[in-house]
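Encoded as structure tokens, the structure appears first; notes follow it.
The values are calculated or read from the model by the stated rules, or taken from the named source; none is laboratory data. If you're wondering where the values come from, they're calculated on a predicted model, not measured in any experiment. Cβ: placed from backbone, ideal geometry, glycine included. Neighbour counts: every protein chain shown. Keep in mind that these areas ignore ligands, DNA and RNA; they rest on the heavy atoms of the full protein, side chains included. Shrake-Rupley method; radii C 1.70, N 1.55, O 1.52, S 1.80 Å.
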Amino acid sequence: SQIVSIEKKKEKKNPPLLFNLAEIQNECSKRFKISPDETLKIVQELYEKKLVTYPRTDARVLSTAAAKEIYKNISGLRNYEHTAEIAQHIIEQGNYKNLAKTRYVNDKQITDHYAIIPTGQGLQNLGRLPQISQKVYQVIVRRFLSVFYPAAVYQKVSLVSAVGKEKLFSSFKVLVEEGYLK
């Protein structure tokens, strides 16, 4: 067989938008096999314990006002064992300062409440919650922190090879820079 053509292309994948209620319910259904009702109950409890912002929201972005105060949320997460280093890194890099100029902030896309994000507070209550609630919290935290990281970059390679008269097409992706996937 001989290779007829090779095409290489860089592909960027941006961090996803933040969670609204429907989106966190989908994620928890996939990851933990729990129902939307169960997820709402958990996120509602996380909210009552001051761990996350208001859960019943359609928005997947933040308001300009919330973006101005975002340092507090990140700073508080330096006390959360699973993401302490990441939160510290974001603060040292200062990436959060330009948040208002990104696709994660848009007042026009918010009807009443902005996306579900960790408050950075209430961590003393977390250990008393059931294991599943702690896992849901971690998912919300990781999604939130990922928006302060650059896009992941993939190298996409497409090959066309010829075997006799047959043409074979194959393509694959290789992660070049992990960006937010970290």
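Brief remarks on what is shown
- On inspection, S158 does not qualify as closer than 29 Å to K72 by Cα, open to solvent by less than 80 Å² (accessible area, probe 1.4 Å) and hydroxyl-bearing (S, T, Y).
- Qualifying residues in the range 18-29 (those that are touching a helix residue (DSSP H, G or I) at 6+ places or on another chain (Cβ under 8 Å) and within 26 Å of L175 (Cβ to Cβ)) - the one most open to solvent (accessible area, probe 1.4 Å): E27
- Residues (at positive phi and open to solvent by 70 Å² or more (accessible area, probe 1.4 Å)) located in the range 161-182: G164
- Pair list, Cβ under 9 Å, 6 or more apart: the range 139-151 residue among the aromatic types (F, W, Y), other residue outside any loop (DSSP other than H, G, I, E, B) and surrounded by fewer than 15 Cβ atoms within 10 Å (Cβ to Cβ): F148/Q93; Y149/L181
- The range 102-128: number of residues that are out of contact with any Gly (no Cβ under 8 Å at 6 or more places or on another chain), within 16 Å of I42 (Cβ to Cβ) and of a type in the set (S, T, N, Q): 1
- A search for C-beta distances below 7 Å between a residue of the range 10-25 that is touching a residue at least 24 places away in the same chain (Cβ under 8 Å) and in a helix (DSSP H, G or I) and any residue that is surrounded by fewer than 14 Cβ atoms within 10 Å (Cβ to Cβ) and not aliphatic (A, V, I, L, M), counting only pairs 6+ apart in sequence or on different chains, returns L21/R56.
- Residue in the range 114-127 that is more than 17 Å from K182 (Cα to Cα), open to solvent by 50 Å² or more (accessible area, probe 1.4 Å) and free of Cβ contacts under 8 Å to residues at least 60 places away in the same chain present: yes
- Complete set of residues in the range 30-63 that are among the hydroxyl-bearing types (S, T, Y), open to solvent by less than 50 Å² (accessible area, probe 1.4 Å) and part of a helix (DSSP H, G or I): T39
- When every residue of the range 125-139 is checked against the conditions, none turns out to be assigned to a helix (DSSP H, G or I), in contact with a Phe, Trp or Tyr (Cβ under 8 Å, 6 or more places away or on another chain) and either at pLDDT below 95 or on the phi > 0 side of the Ramachandran plot (or both).
- The range 45-70 residues that are at pLDDT 95 or above, paired with ones that are open to solvent by 60 Å² or more (accessible area, probe 1.4 Å) and outside any loop (DSSP other than H, G, I, E, B) (beta carbon under 8 Å, 6 or more apart): T53/Y47; Y54/Y47; P55/Y47; A59/Q109; R60/Q109; V61/Q109; S63/D107; T64/D107
- Boolean, S5 is open to solvent by less than 60 Å² (accessible area, probe 1.4 Å), within 27 Å of Y149 (Cβ to Cβ) and either touching a strand residue (DSSP E or B) at 6+ places or on another chain (Cβ under 9 Å) or part of a helix (DSSP H, G or I) (or both): no
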